[in-house]
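Asker: Attaching a single structure in structure tokens format; questions to follow.
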Amino acid sequence: MENGLGEVKLSCRNIWKVYAGENAPYFKSDVGSAATPELCTRMRADGAIPAAADVSFDVHVGEIFVIMGLSGSGKSTVVRCLSRLIEATHGEILLDGEDLLKKSDKDLIDIRRHKMGMVFQNFGLMPHLSVWDNIAFPLSLQGLGKSEQIEKVRRVIELVGLEGRETSYPKQLSGGQQQRVGIARSLAIEPELWFLDEPFSALDPLIRRQMQDEFLRIQTTLQKSIVFITHDFLEALRIADRMMIMRDGQVVQMGKPSDLIVNPADDYVAEFTEEVPMVRVLKALDVLDREAQAGGDMPERECDCSVEELLPLLAQSKDGVKAMRDGETMGVVTATSVIAALAHQDADRGPDRASAMAAGAA
Amino acid sequence: MAQAQLRMIWAGLGALTLAMLFMSDAAKWLIEYPEAWVLPITPWLNAAMDWTVAVFGPAFKAFSAVMDIPMSAVREFLQWLPWSVTLVLLTFVAYAVSGTSLAIFTFLAVLYMVVIGYWPESMNSLSLVAISVPMAVGIGFGLGALAFFSDRAERIIKPVMDLLQTVPAFAYLLPILLLFGFGPVVGLIASILYAFPPTVRNTMLGLRRVPDEVIEAGLMSGATMRQLFWRVRVPSAMRQILLGVNQTTMAAFSMVIIASIIGGTADIGWEVLSTMRKAQFGESLLAGIVIALMAMVMDRITAAAAIAEPKEPILNEPLWSRYRMWLIAGGLALFTAALAQVFPALSAYPRAWEIFPAQYLNDAVTFVVVEYSDAINTIKSVAFFFIMLPVKIGLNETVSPFTWGFEFTTPLRIGYAAIAAAVILWVARSKGSGAGVAVFFAAMLIYFGLTRMPWPAIVAVAALLSWQLAGPKLAIGTALSLMFLVVSGVWPQAMLSVYLCGIAVLLSFALGATLGILASEFDGVSKVLRPINDTLQTMPLFVILIPFLMIFKIGEFTALLAIMAYAIVPAIRYTEHGLRSVPAYVIEAATCIGCTRMQRLWRVKLPLALPVMMLGLNQTIMYGIAMLVIAALVGTNGLGQQVYIGLGDGDFGVGIVAGLGMAIIAIIADRLTAAWSKGRQEELGLEAE
């Protein structure tokens, strides 16, 4: 998905959520005239809390859009505004071109029953229902017939690999299993829009990794439009088509993961990118050796595979590895070019780190 | 208020109290509030009640007639049902909710009721419970849900519940008796009123504790508001609600028993009470055991239903299999009923087979009482002369050749004052002036006695203490409500109640905390104490009186022991819980630093557990006050007796003022200890419970 962004599924425009200041006239004339940071400062001075400030983005059909931020950055507020679990103070949310915020309660329930699915950090499973009944819960709320329910539930159970656990209760499952139930439940109604609010944060690192892979596998087959919330920068990098970084309710930067790493908007973003292992982020295409010539017996790899995957090949093939796209050779990666690229990245970071250490010492 | 200022006020108050004590000969009104100053609150209340009865009486009577229909129906049904069928059904229910051991216990318990010959009386009590529990649960759930959704409703419901549960159960009976007329319906209504608050509380708590994410998941599944309530909130909160049902059942049962005091019910409570009055303690104990067993069976069954894990469901289960428990129960009942047709003994238990060893029990008790009369009398008189009387009327009047064996001469009095002064100075030096002031008041109390203390001083001390612990609002509330006791003329009775309850609470807390410490250090002790505590706590209060009554006869000492037996339970429980929940890392740290076991206990665990132990003290006081009213049956002279007198004479005003008085004392004690515990927990950074 290089540039081929599909049509817009969900469009979030100038969303604000202000606590304890709902009635103050901030949005009569100010938005647009005052800059967002200044308006936020003014709100805080008034004792109001801008949990989300002027947030705008589009989610395209089939795209994984990640909102990344630390706790308190407003990312959960945004996703709850999108699903209208909380009401935005100001702004527009367009779903398929229609303003979601203007929908009546009845329409909203209908949209949630047919178009939206949501996965929660702590799973949000009904403790009194078995795995099967939890997954069938949204279907039974719609009043769907038993046989249709059985068919749909069976399909998602298969999809997330929960066969054989249908009669267990949430309490009897591990965290990873519970989240599979949460995922299955959110998918049972075949939503077009899929919200995942820190779905893997409550899991152990190893399980987290495994669940990310599963998630990507499921998405390859289903092609939902996804808003994915996380506080884990590496997780965002792994799964995002595009991502947005938030801080104090405001958007700091938005773009493709590689854009963020190459061009962090400010020191805040740079701090996240700093801990990223470059061998994972840099692609074959980023480290081509301009001087090396392609040889016939060189191993071949797709040009968007990571340097990390190239390393074992490079260890064996002294001349280099061919980077391919659509069967065409785009260039050659050599051990020298990889080392040079990594060294260059480190040099970029060098002074910053040195000055930070100096400041620490002082 | 600043600390220094507070200290000054305390010191001033101490001096003032002493001055009042010495002035009391000249100004008698300081000690005894003059009768002429008493506001005629009692007559006013009676007039109001007369008017209410005159105007609304018919409506209430009609309501009571309506209530009588289902109640009689259930009673008739339970009486008609062969005992063997009831036995089999109850046993099966116990098996279904819990398993074999509870089933065996239930079987034996029900069999005891049959064999001992109290079957009809037991079924009369059960029928009242069977009607009152569903109604109390229905009302409680409705109000709980209302309070959950509406803050305004909560603000009204909460204080009303507090009052309903702190006003002693006896005091309810009176207005109900006057409004609804005589008969078992009074017990029913009283038991509904007394029993619904736990369900309200637990419903509210349960609904509130449903995690946000579960609600959000429900909303995102497209639930309407109605679906969200019935299919998400209520089922998620069900366990908590069922715990409320358990508490409601126990409260309803204990009120049904208490209500038998008005008679006309022919139930098991009346059996205990009437035999107790005739001093037939053997009979009384045998009937009391029926009550205890019924309480235990009800408690275990409802508690097991609350904590039961959901059974593994079977997909596409056929209908007969889903209802197989019901089918089995029905089959068993029919089979037993058929058997009862063939063998009449299974239907009506023959009189000749009854085993009623009351006489043996009476003989045994008489033997013990006669054989050990010296020891029993010594215990009684030591406790009375050396503990109870000094607190009640002070050393000043207690010490005489008859009681202590010598005269309280002037040199001795001076000696007492000197020793007291020395102790006060020493404590003030080493523990701070606050402790010194406390010892000063204690020394005055022991010398002059609680009932001889000037009432303005007691009101002021309570108000100042409230101010210090919780701020001016509580101080004003305390002062006003204590003044109500003064002006309504029940101050002397209130002080008698405080005296008896105070001693019982102090002794049971000291004893209970010691046991709790032992239980927290030694698992074996804990294992022994737990079933005893469980039993004491589920026991209807009446029953606790019986064994003490058998040995020590009527009197304040018996009342004291009965109160202690009941009030000691929370002291043990909270102490053990507090000590055991001290965070493991703190204990590890203490061990690494090199604490011995004793040091770890005294210098690490106890200070950290103290706030929780204070909650235990709070509960000990509440339990003590609850038992105080019941203990009035065996001869005390406090507010409890006053309630009892009101009930006996049908004097609404007297009963209600005394009932309110006990509620006032209970509420003040509750707020003070709770405020202290909360403040201390926040200081320690512990999670407030």
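The values are calculated or read from the model by the stated rules, or taken from the named source; none is laboratory data. If you're wondering where the values come from, they're calculated on a predicted model, not measured in any experiment. Here the Cβ is made from the backbone with ideal geometry for all residues, glycine too, and neighbour counts use every protein chain on show.
Asker: Quick check on this structure: which one of B:Leu332, B:Leu285, B:Leu327 is within 25 Å of the chain's Cα centre (by Cα) and either within 14 Å of another protein chain (Cβ to nearest Cβ) or modelled with pLDDT of 80 or more (or both)? Spell out how you get there, then give the answer.
Answerer: Details: B:Leu332 fails: within 25 Å of the chain's Cα centre (by Cα); B:Leu327 fails: within 25 Å of the chain's Cα centre (by Cα).
Just one listed residue meets the conditions, B:Leu285.
Asker: Can you tell me how many residues in the stretch A:197-230 are part of a helix (DSSP H, G or I), of a type outside the set (S, T, N, Q) and in contact (Cβ under 8 Å) with a residue 12 or more places away in the chain?
Answerer: Looking only at the stretch A:197-230, we keep the residues that are part of a helix (DSSP H, G or I), and these are A:205-222.
With the extra rule that they be of a type outside the set (S, T, N, Q), the set shrinks to A:205-209, A:211, A:213-218, A:222.
Then drop every residue that is not in contact (Cβ under 8 Å) with a residue 12 or more places away in the chain, which leaves A:207-208, A:211, A:214-216, A:218, A:222.
Total meeting the criteria: 8.
Asker: Quick one: in the stretch B:196-234, of everything that is touching a residue at least 60 places away in the same chain (Cβ under 8 Å) and β-branched (Val, Ile, Thr), which residue is nearest to the other protein chains (Cβ to nearest Cβ)?
Answerer: Applying the filter and picking the extreme gives B:Thr203.
Asker: Are there any pairs with C-beta distances below 6 angstrom linking a residue in the stretch B:235-252 that is within 12 Å of chain A (Cβ to nearest Cβ) and touching a residue at least 60 places away in the same chain (Cβ under 8 Å) to a residue that is buried (at least 20 other Cβ atoms within 10 Å of the Cβ) and not basic (Lys, Arg), with the two at least 6 apart or on different chains, and if so which?
Answerer: B:Ile241/B:Asn202; B:Ile241/B:Thr203; B:Ile241/B:Gly206
Asker: I've got another one for you. Any residue at all in the stretch B:87-100 that's assigned by TED's automatic domain parsing to the domain that holds B:Arg324 and loosely packed, with under 15 Cβ neighbours inside 10 Å?
Answerer: Of all residues in the stretch B:87-100, those assigned by TED's automatic domain parsing to the domain that holds B:Arg324 come to B:87-100.
Checking which are loosely packed, with under 15 Cβ neighbours inside 10 Å leaves us with B:99-100.
Yes, the conditions are met somewhere in the stretch B:87-100.
Asker: May I pose another question? Restricted to the stretch A:244-261, and to residues that are in contact with an Asp or Glu (Cβ under 9 Å, 6 or more places away or on another chain) and either of a type in the set (Val, Ile, Thr) or crowded, with 20+ Cβ neighbours inside 10 Å (or both), which residue is nearest to A:Leu5 (Cα to Cα)?
Answerer: Applying the first criterion (in contact with an Asp or Glu (Cβ under 9 Å, 6 or more places away or on another chain)) to the stretch A:244-261 yields A:249-253, A:256-258.
Retained after the next criterion (residues that are either of a type in the set (Val, Ile, Thr) or crowded, with 20+ Cβ neighbours inside 10 Å (or both)): A:249, A:251-252, A:257.
On the way: A:Gly249: 26, A:Val251: 21, A:Val252: 22, A:Pro257: 15 Å.
The qualifying residue nearest to A:Leu5 (Cα to Cα) is A:Pro257.
Asker: Right, another one. Of these, B:Thr591, B:Thr575, B:Thr620, which one is among the polar types (S, T, N, Q), in a helix (DSSP H, G or I) and either modelled with pLDDT under 85 or surrounded by fewer than 24 Cβ atoms within 10 Å (Cβ to Cβ) (or both)? Spell out the reasoning first.
Answerer: Values: B:Thr575 fails: either modelled with pLDDT under 85 or surrounded by fewer than 24 Cβ atoms within 10 Å (Cβ to Cβ) (or both); B:Thr620 fails: either modelled with pLDDT under 85 or surrounded by fewer than 24 Cβ atoms within 10 Å (Cβ to Cβ) (or both).
Matching residue, one of B:Thr591, B:Thr575, B:Thr620: B:Thr591.
Asker: Taking the stretch A:143-156 as the search range and keeping residues that are within 18 Å of B:Ala217 (Cα to Cα) and within 12 Å of another protein chain (Cβ to nearest Cβ), which one is surrounded by the fewest Cβ atoms within 10 Å (Cβ to Cβ)?
Answerer: Our first condition is that a residue be within 18 Å of B:Ala217 (Cα to Cα); within the stretch A:143-156, this holds for A:143, A:153, A:156.
Next, only the ones that are within 12 Å of another protein chain (Cβ to nearest Cβ) stay: A:143, A:153.
On the way: A:Gly143: 7, A:Val153: 23.
The qualifying residue surrounded by the fewest Cβ atoms within 10 Å (Cβ to Cβ) is A:Gly143.
Asker: Next question. Pairs needed: first member in the stretch A:312-332, under 13 Å from A:Leu288 (Cα atoms); second member anywhere, polar (S, T, N, Q) and assigned to a strand (DSSP E or B); C-beta distance under 9 Å; at least 6 residues apart or different chains.
Answerer: Final answer for the pair search is A:Lys322/A:Thr329; A:Ala323/A:Thr329.
Asker: Would you point out which residue out of B:Glu35, B:Glu76 is modelled with pLDDT of 85 or more, surrounded by fewer than 13 Cβ atoms within 10 Å (Cβ to Cβ), among the acidic types (Asp, Glu) and out of contact with any Leu (no Cβ under 7 Å at 6 or more places or on another chain)? So that I can check it myself, show each step before the final result.
Answerer: On the way: B:Glu35 fails: modelled with pLDDT of 85 or more.
Matching residue, one of B:Glu35, B:Glu76: B:Glu76.
Asker: Within the set of pairs 6+ apart or on separate chains, which have a first residue in the stretch A:170-196 that is more than 12 Å from every other protein chain (Cβ to nearest Cβ), a second that is among the basic types (Lys, Arg), and C-beta atoms under 6 Å apart?
Answerer: Final answer for the pair search is A:Glu192/A:Lys115.
Asker: Of the residues in the stretch A:126-142, how many are outside any helix (DSSP H, G or I) and either at the interface with chain B (Cβ under 7 Å from one of its Cβ atoms) or under 26 Å from the mean Cα position of the chain (by Cα) (or both)? Give the steps one after another, and end with the answer.
Answerer: Going through the stretch A:126-142, the residues outside any helix (DSSP H, G or I) turn out to be A:126-130, A:142.
After this cut, where a residue has to be either at the interface with chain B (Cβ under 7 Å from one of its Cβ atoms) or under 26 Å from the mean Cα position of the chain (by Cα) (or both) as well, the list is A:126-128, A:130, A:142.
Number satisfying all stated conditions: 5.
Asker: For the stretch A:35-53, state whether one or more residues are farther than 23 Å from A:Pro138 by Cα, in contact (Cβ under 8 Å) with a residue 24 or more places away in the chain, surrounded by 18 or more Cβ atoms within 10 Å (Cβ to Cβ) and under 19 Å from the mean Cα position of the chain (by Cα).
Answerer: yes
Asker: A further question on this structure: Can you confirm whether B:Gln619 is within 20 Å of B:Ile176 (Cβ to Cβ) and not hydroxyl-bearing (Ser, Thr, Tyr)? Full working, then the answer.
Answerer: Numbers: within 20 Å of B:Ile176 (Cβ to Cβ): no; not hydroxyl-bearing (Ser, Thr, Tyr): yes.
Against the criterion (within 20 Å of B:Ile176 (Cβ to Cβ) and not hydroxyl-bearing (Ser, Thr, Tyr)), B:Gln619 does not qualify.
Asker: Name the residue that is nearest to the chain's Cα centre (by Cα), counting only residues in the stretch A:92-120 that are facing chain B (nearest Cβ under 7 Å) and outside any strand (DSSP E or B).
Answerer: A:Phe120
Asker: Go through (1) surrounded by fewer than 16 Cβ atoms within 10 Å (Cβ to Cβ); (2) modelled with pLDDT of 90 or more for A:Leu206 and report which single condition fails.
Answerer: Of the numbered conditions (1) surrounded by fewer than 16 Cβ atoms within 10 Å (Cβ to Cβ); (2) modelled with pLDDT of 90 or more, the odd one out for A:Leu206 is (2).
Asker: Being on the phi > 0 side of the Ramachandran plot and facing another protein chain (nearest Cβ under 8 Å) is the requirement here; does A:Phe123 meet it?
Answerer: Working: on the phi > 0 side of the Ramachandran plot: yes; facing another protein chain (nearest Cβ under 8 Å): yes.
So A:Phe123 fits the description; yes.
Asker: Right, here's the next one. Based on what the data block shows, is B:Phe548 among the aromatic types (Phe, Trp, Tyr), closer than 23 Å to B:Ser381 by Cα and buried (at least 17 other Cβ atoms within 10 Å of the Cβ)?
Answerer: Numbers: among the aromatic types (Phe, Trp, Tyr): yes; closer than 23 Å to B:Ser381 by Cα: yes; buried (at least 17 other Cβ atoms within 10 Å of the Cβ): yes.
In short, yes.
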